[in-house]
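No lab work stands behind these numbers, since they all come straight from the coordinates. All figures in this text were calculated on a predicted structure; none of them were measured in a lab. So basically every Cβ, Gly included, is an ideal-geometry build from the backbone, and we count neighbours across all protein chains shown.
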Amino acid sequence: LPKLCPVNRATDLTVLKEKFEIPSPSNPTGKSDLPGLDIFVSTADPEKEPPLVTANTILSILAADYPVEKLSCYVSDDGGALLTFEAMAEAASFASVWVPFCRKHGIEPRNPESYFALKKDPYKNKVRPDFVRDRRRLKREYDEFKVRINALPDAIRRRSDAYHAREELKAVRQQRQEAAAAKDALLEPIKIPKATWMADGTHWPGTWIHPTSEHTRGDHAGIIQVMLKPPAEEPIFGISSDDNHEEVEGQPIPGVLDLSEVDVRLPMLVYVSREKRPGYDHNKKAGAMNALVRASAVMSNGPFILNLDCDHYFYNSLALREGMCFMMDRGGDRICYVQFPQRFEGIDPSDRYANHNTVFFDVNMRALDGLQGPVYVGTGCLFRRIALYGFDPPRTKIRSSPCGRCCCGCCFPARRAASHDVETHALRMDEDDGMNLSSFPRKFGNSSFLIDSIPVAEFQGRPLADHPSVKNGRPPGALHIA
Ligand SMILES: O=c1ccn([C@@H]2O[C@H](COP(=O)(O)OP(=O)(O)O[C@H]3O[C@H](CO)[C@@H](O)[C@H](O)[C@H]3O)[C@@H](O)[C@H]2O)c(=O)[nH]1
Ligand SMILES: [Mn+2]
């Protein structure tokens, strides 16, 4: 049995910054050379998973400290619910004040609900004189946002009822006209199925409040809606409070945040509800993740993917950068995924039921890291996109080991290579010629957009070729050009 050898790892964010974001003659503004990152959030039921919680998750993602133009967020709604859709739209709109506020004042955590519920002194280490005013302003905005989210179920129901009444009236009128034309006195009562209506006066394509065929939980069309479009390539600074007054009875009040030094761009946000039909097994969260992998490949195609459940959030706005330290390090191209630990809120003080899971996250996972690596726990995991496509790791060839018969990790590639044909159907990534698209099997389906996106993601996910030991690295600066 191998001995347990728990590993503690540390990251150095300064080194990451120096390597990828320091201005140079070829990159005068220090535009980021970090790879793209797609964040997936899954939700399935607005009754059991309150949209306010999902919205908070989304806000913590949109406010994460990562180059805005490299970050995209995808929400998968397996409930196909208009409520979730509209809550995400509200979150996107609230993000336009929340995210600049977080950036301006270095707020942590960037989940508003948790931030405003913090027990510790919010003014600790805050020196900007406008912090008090900005925080008060944001608190009010957030409270109003919460009320809007909580009012959504009712608003949607009332709107749907109003549209329904209008439709019924229309139908009755038409029936009367037809009856009059045909001189037919017999009028049958009209039954129109109760639809769920969107604000623009069209039918919601997903699940309806009153289910009808084609609009039930497991039976509806696919929906993709971009809620925040991809940001501009260069930073956009906000307006200063001098130019931006609110007026109360003709008197300007300086209530609006001064954002003249803050990049106000937001990452792309996409709502996805995959198509569902009766008779198919949709494989719950796994199926949702697969749908997002495909959808994101043709939209932002981030070479890295991180997934979160709707009731989880980023506690640390730098977490994505920390994950990237492992992926972009020398030898990082051999890493398939980086699993983040989970921490829990709202557990009873004595933790009678061991809900903190300390043994699992702080002992078992570290020990596994000393063997072959921790296991994937289903969420909070940063993946290399190409690894999810079923490719072999880039270096599966037998390498000469320093110790004749060795017991170190380098034996695994040899064993894998030998059993390759029989055991796995992994795709080979040719080390010398790169990828040969024509050899890709049908398993990717017929979308040529998807197939073409694969080698792009592979190239962009490589570490920098700034050291002789990095064999297939990409040249520095390859990603900072728009
Ligand atoms: O048809 C479904 C069903 C679930 N989900 C999502 O899957 C996630 C997890 O589902 P949940 O029912 O909350 O499972 P839990 O038991 O709470 O979560 C455990 O199991 C999950 C999946 O295996 C892991 O992601 C979690 O970390 C782990 O705590 C949630 O975001 C759901 O919205 C879907 O997207 N589609
Ligand atoms: Mn859960």
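See the values below:
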item: Counting DSSP beta bridges with both ends in the chain, the antiparallel % (nearest 5); result: 50
item: Simple Cβ-charge dipole of the chain, Lys/Arg +1 and Asp/Glu -1, about Cα centre, in debye nearest 20; result: 1160
item: Cα-based Kirkwood hydrodynamic radius, the range 59-155, one decimal, Å; result: 14.7
item: Extension gain from D281 to S350, taking 0.36 nm per residue of separation minus the Cα-Cα distance; result: 20.7 nm
item: Value of [θ]222 nm, deg cm²/dmol, for the chain, DSSP H segments ≥ 4, -39500 (n - 2.57) each, nearest 500; result: -10500 deg cm²/dmol
item: Sparse-neighbour loop sites [GluC sites (Glu not before Pro); the range 259-331; at most 16 other C-beta within 10 Å; DSSP]; result: E261, E275
item: Relative contact order, percent, the chain [alpha-carbon distance under 8 Å, six or more residues apart]; result: 22
item: Added length on full extension, which subtracts the Cα-Cα distance from 0.36 nm per residue, R176 to I22; result: 48.0 nm
item: Peptides 54-62, 39-47 ordered by average Cβ neighbours within 10 Å, highest first; result: 54-62, 39-47
item: Label point at H203 placed 7 Å out along Cα→Cβ; residues across the range 269-304 whose backbone nitrogen lies under 20 Å; result: 273-279
item: Mean Cβ neighbour count within 10 Å, used as a protection proxy, ranking 169-182, 65-78, 293-306, 462-475 highest first; result: 65-78, 293-306, 462-475, 169-182
item: Residues I239 and S213, FRET efficiency given R0 of 51 Å [Cβ-Cβ distance, rounded to 0.05]; result: 0.50
item: Proximal aspartates and glutamates relative to K126, as straight alpha-carbon distance under 18 Å, when same-chain residues fewer than 8 apart are discounted; result: E108, D134, D258, E261
item: Gain in span if fully extended, S96 to F326, counting 0.36 nm per residue against the direct Cα distance; result: 79.7 nm
item: Links that overshoot a 22 Å alpha carbon limit, given the list K146/K285; K19/K471; K31/K139; result: K146/K285; K31/K139
item: The range 107-150 residues near the modelled E261 label - backbone nitrogen below 13 Å, point 7 Å along Cα→Cβ; result: 127-131
item: Estimated inter-spin distance, Y315 and L169, nm [label 7 Å along Cα→Cβ]; result: 5.5
